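To keep things clear, I will list the structure first and then write my remarks on it.
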Amino acid sequence: MPDISLTTLAVLCLAALAAGWIDAVVGGGGLLLLPALLLGLPANTPAAYALGTNKAVAIVGTTGAAVTYARKAPVDVRTAVRIGLAALAGSSGGAFLAAGMSTEVLKPVIMVVLLGVGAFVILRPAFGTAPAPGPVTRRRVLAAIGLAGLGIGFYDGLVGPGTGTFLVLALTAVLHLDLVTASATAKIVNCCTNAGALATFAWQGTVLWQLAALMAVFNLAGGTLGAHTALKKGSGFVRVVLLTVVFALVANLAYEQWLA
């Protein structure tokens, strides 16, 4: 356990709880959890330990949310796992290239895309409110594997912030899912990508396991509660949270690009 005060530890646990809830509803919990770790750990702690510990915490909450969704939402687990395996491969490729590439040039592009997404969701109130009738075609599944799997997985490895939110949007658009089912499917995909990343960090020895274990309890509680909330409140509620997270992500990227 790193040398941190009880107050800081309590704040980190509360951040893990809130991040788990946000991530289960619509993705983007890392926007809260990772900055909390970066600020809460001692100043001389390498950033890699915050990244590794973040993954160790997040995978527990994501798995809890995925199990809760799978029990009560109409999730096609087989399709979700296929997308997840593609995302794992894409994330590995992105992480490989990230070492020799500056991602600063991508942030303005991501902000523009997110603003466009936000405008689209606002102007299309019916987006994600109900699933499309009929079975999902093979072509759409392959498109989801390419976009939500390889494409967003690559983005996760290269840049990272907002991956869960992008997954929800892509799965809703490509597979014509409602937002609740898209969130459920995204959790299974996230389990695959988090497992690959955690394996890498664990191999490098950059996971603070004692701290992660404590925070993971709170993250699991938040993730399970968030999944239950989304299932109970429905797609309209998820849509509101989605827009909130999208614009929070834009604000976060803008701050990092021009003010930090």
In nanometres, the difference between 0.36 nm per residue of separation and the alpha-carbon distance of GLN210 and ARG138 is 21.5 nm
Label model pair ALA119, VAL81: point-to-point distance (7 angstrom along the Cα→beta-carbon line) in nm is 4.1
Under the helix-only model (-39500 (n - 2.57) for each DSSP H run of 4 or more, divided by the residues of the chain), the mean residue ellipticity at 222 nm, to 500 deg cm²/dmol, is -25500 deg cm²/dmol
Check: C-alpha center segment 214-244 vs C-alpha center segment 1-68, spacing in Å is 16
Note on segment 1-53: alpha-carbon gyration tensor, axes a ≥ b ≥ c; rule is a/c under 1.5 for rounded, else prolate if a/b larger than b/c, else oblate; result oblate
Those trypsin sites (Lys or Arg not before Pro) from segment 9-94 that are DSSP loop and have at most 16 other Cβ neighbours within 10 Å turn out to be none
Percent relative contact order for segment 160-253, counting Cα pairs under 8 Å at least six residues apart, stands at 38
Tilt, helix 6-26 to longest principal axis of the chain (alpha-carbon atoms), in degrees rounded to tens, equals 10
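Each reported figure results from applying straightforward, stated rules to the coordinates on display, with no laboratory input. Quick caveat, the model's predicted, so the values are computed rather than measured. Ideal geometry is used to build each Cβ from the backbone, glycine not excepted, and the neighbour counts take in all protein chains shown.
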